[in-house]
Amino acid sequence: MESYAQALLYAIPFFVVLLAIEIGYGYFVKDQKHKVLDSVSSISAGFTNIIKDTLGLGFILVTYPILLENLAVFTLESTWLLWIVAFVVIDFAGYWNHRLNHKVNFFWNQHVIHHSSEEFNLACALRQSISNLIGYFPLLLIPAAFFGVPNEIIAILAPIHLFAQFWYHTQHIGKMGWAEYIIVTPSQHRVHHAINPEYIDKNLGQILCVWDRWFGTFQEELEDVPPQYGVLKPASTWNPIPINFQHLWRLMQDAWRTKSYLDKLRIWFMPTGWRPEDVKTKYPIDIIEDVYGFTRYDTQASIALKVYAIFQLIATTLFLWFMFYNYTEIGVSGLLLFGFVVFAGIYGYTTLMDRKQYAVYIELFRGIFGLVLMLFSGDWFGLNNYIVVGSWLVAIYFMITIFFGFYFTYFESAVHNRKTMV
Ligand SMILES: [Zn+2]
Ligand SMILES: [Zn+2]
């Protein structure tokens, strides 16, 4: 996990620069594809994902080295050809995993976060899961293990393969000529994120689009069908943490409520969206039917709240940057504590962005928790080694958090603007 934290130290500035370019470009051509609260929510989702993944939370079914040890028939030299083959094998596995995520109820839960934004931009790419709690992906790499692809190659290629899926989440790049036949492009991925009946569940490839073309899931972006982004059962919150479990919660409720024992068992493995007949009539769920006419989620946000959301996002970025930079020094229990504080922070400020009254309690709790943690240790995880007044800056941050938790809940009009279906 330490190497992943290391990779992120390089990747994060790269993502920030590309995001800044996209936002700047949108501003200059007067075609802004970002909305402040949505983008803050997306980037925060990315943060929850990297905390979960770097801390190695979850249950790993099987690791690649174990498969390699037991299945390898060949021993291959690490040549440039092997690197290319390994990349293609990872991409092939990625296609099927993505298809599984889209097509099966249980697996959709861990992927819905990625589709939950009703915008489409580079920030949306960062909406990554924290509910992928069972690490089964290496099973899809059995062919690689069989041919003896060394673990080091997989370990280096896997994050590169993931980060290379970032750039194509943009509306500012049109069709790309001959490249459309080989790789996944922005145009193809716009189709993937769209809920139009023509587009839904199409273009499941990650880097190469040949799998979609071969296995019948390819759909070109059509001029007269502008993609409408989001999910059919809207998330209706800026808080990425509940979005990760909304679908699972609905499945659990349905499995509990249905009278049919067969349905209780099979609901998990049925196609995404399938529900037992009896609960479907008794507890209907709103699904977007008119993809061109639904109201996108929004909350009453003053300029002050938007600026404050950006401030919290920057603070969270700095906290995480510091955490990854000092990954080894902080140690396992320190990392868990640090990760918890950042998680609580994201939960708090996104709930404030949702204009929920109880946000103030979360902000008060985490503010006091942070201050107490700092007072007891007399430092903030070694920050004073870098900046003499480091812990004081952190103390000020937590005091600001408490103050604005109260301010936005009680002193600024909190008119709830709930999503309505038209
Ligand atoms: Zn998807
Ligand atoms: Zn995507």
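The values are calculated or read from the model by the stated rules, or taken from the named source; none is laboratory data. This is a predicted model, so every value here is computed, not measured. Virtual Cβ from ideal backbone geometry, glycine too; neighbours counted across all protein chains shown. Surface areas here come from the heavy atoms of the whole protein model, side chains and all, with no ligands, DNA or RNA. Shrake-Rupley method; radii C 1.70, N 1.55, O 1.52, S 1.80 Å.
Could you list, in sequence order, the residues of segment 114-141 that are assigned to a loop (DSSP other than H, G, I, E, B), small (Gly, Ala, Ser) and crowded, with 22+ Cβ neighbours inside 10 Å?
From segment 114-141, those assigned to a loop (DSSP other than H, G, I, E, B) are 116-121, 126-133, 136; that's our starting set.
Retained after the next criterion (residues that are small (Gly, Ala, Ser)): 116-117, 129, 131.
SER116, SER117, listed by residue number.
Under 6 Å between Cβ atoms, which residue pairs at least 6 apart in sequence (or on different chains) link something in segment 103-120 that is among the charged types (D, E, K, R) with a partner that is in a helix (DSSP H, G or I) and within 16 Å of ligand 2 (Cβ to nearest atom)?
Listed pairs, sorted by first residue: GLU119/ASP38.
Looking at TRP96, TRP83, which is the one that is modelled with pLDDT of 90 or more, under 11 Å from ILE154 (Cα atoms) and open to solvent by 50 Å² or more (accessible area, probe 1.4 Å)?
Details: TRP96 fails: under 11 Å from ILE154 (Cα atoms).
Answer to the check: TRP83.
Is it the case, given these coordinates, that HIS111 is open to solvent by 20 Å² or more (accessible area, probe 1.4 Å), within 28 Å of PHE15 (Cα to Cα) and within 11 Å of ligand 1 (Cβ to nearest atom)? Quick ask: steps written out before the conclusion?
Numbers: open to solvent by 20 Å² or more (accessible area, probe 1.4 Å): yes; within 28 Å of PHE15 (Cα to Cα): yes; within 11 Å of ligand 1 (Cβ to nearest atom): yes.
Answer is yes for this residue.
Residues in segment 57-65: is at least one closer than 25 Å to LEU9 by Cα, more than 16 Å from ligand 1 (Cβ to nearest atom), among the polar types (S, T, N, Q) and buried (at least 16 other Cβ atoms within 10 Å of the Cβ)?
For segment 57-65, residues closer than 25 Å to LEU9 by Cα, more than 16 Å from ligand 1 (Cβ to nearest atom), among the polar types (S, T, N, Q) and buried (at least 16 other Cβ atoms within 10 Å of the Cβ): absent.
I'd like to check something: does segment 315-324 contain any residue that is assigned to a loop (DSSP other than H, G, I, E, B), open to solvent by less than 60 Å² (accessible area, probe 1.4 Å) and more than 22 Å from ASN109 (Cβ to Cβ)?
Initial filter on segment 315-324 (assigned to a loop (DSSP other than H, G, I, E, B)): none.
Checked segment 315-324: no residue is assigned to a loop (DSSP other than H, G, I, E, B), open to solvent by less than 60 Å² (accessible area, probe 1.4 Å) and more than 22 Å from ASN109 (Cβ to Cβ).
Let me spell it out: the conditions are (1) open to solvent by less than 60 Å² (accessible area, probe 1.4 Å); (2) in a helix (DSSP H, G or I), and HIS169 meets all of them except one. Which number is the exception?
Among (1) open to solvent by less than 60 Å² (accessible area, probe 1.4 Å); (2) in a helix (DSSP H, G or I), HIS169 violates only (2).
Conditions tested, residue by residue: (1) crowded, with 20+ Cβ neighbours inside 10 Å; (2) out of contact with any Asp or Glu (no Cβ under 6 Å at 6 or more places or on another chain); (3) closer than 30 Å to TYR386 by Cα.
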residue: PRO271; (1), (2), (3): no, yes, no
residue: LYS280; (1), (2), (3): no, yes, no
residue: TYR283; (1), (2), (3): no, yes, no
residue: GLU289; (1), (2), (3): no, yes, no
residue: ILE330; (1), (2), (3): no, yes, yes
residue: THR351; (1), (2), (3): yes, yes, no
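How many of the residues in segment 21-42 are open to solvent by 30 Å² or more (accessible area, probe 1.4 Å) and in a helix (DSSP H, G or I)?
6
So which of VAL360, VAL394 ends up being more than 19 Å from ALA304 (Cα to Cα) and either surrounded by 13 or more Cβ atoms within 10 Å (Cβ to Cβ) or out of contact with any Ser or Thr (no Cβ under 6 Å at 6 or more places or on another chain) (or both)? Steps first, please.
Values: VAL360 fails: more than 19 Å from ALA304 (Cα to Cα).
Result: VAL394 is the single residue among VAL360, VAL394 that is more than 19 Å from ALA304 (Cα to Cα) and either surrounded by 13 or more Cβ atoms within 10 Å (Cβ to Cβ) or out of contact with any Ser or Thr (no Cβ under 6 Å at 6 or more places or on another chain) (or both).
Taking the condition more than 16 Å from ligand 2 (Cβ to nearest atom) and among the charged types (D, E, K, R), does LYS52 pass? Step through it out loud before you land on a result.
On the way: more than 16 Å from ligand 2 (Cβ to nearest atom): yes; among the charged types (D, E, K, R): yes.
Against the criterion (more than 16 Å from ligand 2 (Cβ to nearest atom) and among the charged types (D, E, K, R)), LYS52 qualifies.
Have a look at ARG275, ARG296, ARG266 and point out the one that is over 30 Å from VAL40 (Cβ atoms) and part of a loop (DSSP other than H, G, I, E, B).
Details: ARG296 fails: over 30 Å from VAL40 (Cβ atoms); ARG266 fails: part of a loop (DSSP other than H, G, I, E, B).
Of ARG275, ARG296, ARG266, the one residue that is over 30 Å from VAL40 (Cβ atoms) and part of a loop (DSSP other than H, G, I, E, B) is ARG275.
For segment 172-210, give me each residue that is touching a residue at least 60 places away in the same chain (Cβ under 8 Å), open to solvent by 20 Å² or more (accessible area, probe 1.4 Å) and within 18 Å of TYR95 (Cβ to Cβ).
Matches in segment 172-210: ASP201, GLN206, ILE207, LEU208.
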